[in-house]
Amino acid sequence: MLGPGSTNDHVRRMRRVDAAPVPGDLIFFGRITKKSVKTHHVGIYLGQGRMMNAPETGAVVRIDDIARLKDFAGFYRF
């Protein structure tokens, strides 16, 4: 569990995965720079370009291609 806060708060507590991601890494969408973090979505990487994802609050969790969202910001892990 990520705990309280927004996706912006969560990504700040993690480290970016610069090598190959592994299943279980988190995938953030939005814009992340050295000076600002503006994310709007997070999924769980499953491998082979797929993620576990609930597209909006209250939606059924499903499996989607990472390419479904166009503003990929990076893979992160604790």
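Taking the criterion of being over 13 Å from the mean Cα position of the chain (by Cα) and at pLDDT 90 or above, the only residue of the range 6-21 that qualifies is A20. Put simply, of G43, G47, G3, G30 the only residue that is modelled with pLDDT under 90 and either more than 10 Å from the chain's Cα centre (by Cα) or of a type in the set (G, A, S) (or both) is G3.
Exactly one condition in (1) out of contact with any Lys or Arg (no Cβ under 9 Å at 6 or more places or on another chain); (2) surrounded by 16 or more Cβ atoms within 10 Å (Cβ to Cβ); (3) not hydroxyl-bearing (S, T, Y) is false for M14; which is it? The number of the failed condition is (1). Please enumerate the residues belonging to the range 26-78 that are out of contact with any strand residue (DSSP E or B) (no Cβ under 7 Å at 6 or more places or on another chain), charged (D, E, K, R) and farther than 17 Å from R13 by Cβ. Answer for the range 26-78, where residues must be out of contact with any strand residue (DSSP E or B) (no Cβ under 7 Å at 6 or more places or on another chain), charged (D, E, K, R) and farther than 17 Å from R13 by Cβ: K35, E56, R68, K70.
The values are calculated or read from the model by the stated rules, or taken from the named source; none is laboratory data. What you are looking at is a predicted structure, and each value in this text was computed from that prediction instead of being measured. So basically every Cβ, Gly included, is an ideal-geometry build from the backbone, and we count neighbours across all protein chains shown.
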